[in-house]
Amino acid sequence: MPKPEELRLTEFGSEDSDYEDDIFNSSIIHNYNKKQQRCTRTRLFGSIMLSLTILLAVIVVSLSLYSLNKDPCHLPSGRLPGTIIPGHYDIWINPDLNTLNFSGKVDISIEVLNSTSCIILHSLNQNITHVKVKNEAGDILPSKEHITDSENEFLKIPLKEKLQKGKISLLVHYNGVITEGLKGFYRSYYTTKTNETRVVAVTQFEATYARHAFPCFDEPAYKATFSIVLIRDTSHTALSNMPEESSSVLENGNVEVRFQKTVKMSTYLVAFMIVDFSYREATTSSNKLVKTCILITCCLFSLQLHITTRYRIRTFQYQ
C-alpha cells in the first residue's frame with residue numbers, strides 16, 4: 001500500500017499530465033482556428049479582387065460600347081484610316097481683316113479605296129456650318145450629323161450607307177478665326193512711317209497646320225492638287241502658290257482672285273496671304289511668272305526686293 005506522500009505525488013503527477021494535454025489540445029485548436037481565419041481572409045481577398053477585376057472589365061467594355069455608339073467613326077489611333085484619299089481641293093477663303101474672322105468652303109474630290117461608312121479628315125478650330133457628300137453622278141449621299149473631334153483634330157462624317165470603291169466629292173462650309181499664333185491662317189502686324197498699325201493675314205502650314213485653315217487630309221502622304229480662290233478688298237493684294245488666273249469684282253466691291261491649279265503636293269506646302277505690301281513680278285526662262293512680296297519702307301528694301309526676285313527666279317529655273 002503506497003504511502004500518503006507517494007499517493008499525493010501520483011495524484012499531482014496525474015493532474016500535471018491532464019493539464020499538459022489540455023494545453024496541447026488548446027494549442028492545436030488555436031493554430032487550426034488561425035489557419036482557418038487566414039484561409040477565410042485569403043478567400044475573401046481573392047473574391048474581392050475577382051469582383052473588382054470583373055467590374056473593371058465591365059466598365060471598360062461599357063465605355064468602349066458607349067464610345068462606339070457616341071462616335072461611330074471611332075479610330076483606334078490618331079492617324080487617318082487610309083480608306084479614302086483626296087485628288088483635288090477647291091478652296092475658297094474670304095477673310096475680314098477688321099473682325100479677324102474668315103469664312104470658307106472647300107470642295108474635295110475623293111477616291112474611295114476601301115468600303116467605309118465614315119469620312120474622316122482633319123479640322124481644327126473651325127465652326128462647320130454645312131456638309132454635303134455626292135457620288136460621281138452628282139447625287140447627294142445621305143449622311144448623319146457630323147462629329148467635331150477637337151481632341152484628335154478630326155472632322156468625322158458618318159454616312160447612312162457604306163461607300164463603295166469609286167469617286168465622291170465632299171463639300172464643307174465653315175467659319176474660322178485668323179489666329180494670333182504663328183501657325184495656320186494667322187494675323188501679323190506692322191507699323192507705317194506715320195505710326196499706323198496695320199494687319200495682314202498670312203499662312204504657315206508646316207508641318208500639320210493646314211487643318212487650322214481648311215478641312216483637309218493633313219498628313220504628308222495625302223498629296224493632291226489645289227485650286228485656291230481668295231477674296232480681298234481693293235487696298236490689299238492676294239497671293240498664293242500659283243500665278244493669278246482671273247479676278248472679278250463682287251457686288252460689295254471686293255475682288256475675288258482665282259489662282260491656277262497647283263501641282264500635286266502635300267497640304268503643308270499650300271500658302272496664301274492677304275497683304276498690302278508692294279511686290280515685284282518677273283518671268284523665268286521657262287515663262288513662269290514669279291511674284292515677290294515685301295514691305296517697302298525705304299530704298300534699301302526696294303533693292304532687297306529686286307535681289308530677292310532675281311534669287312527666286314533662279315530657284316524656279318533650277319527646279
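Computed quantities for the displayed model
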read-out	value
Residue ID - least open to solvent (accessible area, probe 1.4 Å), chosen from residues in the stretch 144-185 that are free of Cβ contacts under 8 Å to residues at least 24 places away in the same chain and under 22 Å from Q126 (Cβ atoms)	G181
Listing of strands (runs of 3 or more DSSP E) fully contained in the stretch 116-167 that carry 2 or more residues being over 19 Å from Y222 (Cα atoms) and touching a Phe, Trp or Tyr at 6+ places or on another chain (Cβ under 7 Å)	127-135
P86 being open to solvent by less than 30 Å² (accessible area, probe 1.4 Å), part of a strand (DSSP E or B) and either hydroxyl-bearing (S, T, Y) or under 21 Å from F226 (Cβ atoms) (or both)	yes
Matching residues in the stretch 128-143 - criterion: being surrounded by 15 or more Cβ atoms within 10 Å (Cβ to Cβ) and more than 26 Å from L230 (Cα to Cα)	N135, L141, S143
For V257: the one exception among (1) open to solvent by 60 Å² or more (accessible area, probe 1.4 Å); (2) within 24 Å of H130 (Cβ to Cβ); (3) in contact (Cβ under 8 Å) with a residue 24 or more places away in the chain	(1)
Subset of the stretch 154-190 (residues that are of a type in the set (D, E, K, R), within 20 Å of the chain's Cα centre (by Cα) and more than 29 Å from S143 (Cα to Cα))	E180, K183
Any pair with Cβ under 8 angstrom, 6 or more apart, that starts in the stretch 233-246 at a residue that is farther than 17 Å from V202 by Cβ and ends at one that is among the basic types (K, R) and in a strand (DSSP E or B)	P243/K291; E244/R258; E245/R258; S246/R258
Hey, Q204 within 30 Å of I274 (Cβ to Cβ) and within 15 Å of the chain's Cα centre (by Cα) or not	no
Single residue of the stretch 205-234 satisfying the filter (among the small types (G, A, S) and modelled with pLDDT of 90 or more) that is surrounded by the most Cβ atoms within 10 Å (Cβ to Cβ)	A213
Lone unmet requirement of (1) under 21 Å from K156 (Cα atoms); (2) in contact (Cβ under 8 Å) with a residue 60 or more places away in the chain; (3) part of a loop (DSSP other than H, G, I, E, B) for R211	(3)
Search result, residues across the stretch 98-128 that are within 30 Å of R198 (Cα to Cα) and not small (G, A, S)	N98, T99, L100, N101, F102, K105, V106, L124, N125, Q126, N127, I128
For N125: the one exception among (1) open to solvent by less than 70 Å² (accessible area, probe 1.4 Å); (2) under 30 Å from M273 (Cβ atoms)	(1)
Qualifying residue in the stretch 193-204 (condition: of a type outside the set (A, V, I, L, M), touching a residue at least 60 places away in the same chain (Cβ under 8 Å), under 16 Å from G104 (Cα atoms) and assigned to a strand (DSSP E or B))	yes
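The values are calculated or read from the model by the stated rules, or taken from the named source; none is laboratory data. Just so you know, these numbers come straight off a predicted model, no measurement behind them. Cβ atoms come from the backbone with ideal geometry, glycine included; neighbour counts cover every protein chain shown. What goes into the accessible areas is simple: the full protein's heavy atoms, side chains included, and nothing from ligands, DNA or RNA. Shrake-Rupley method; radii C 1.70, N 1.55, O 1.52, S 1.80 Å.
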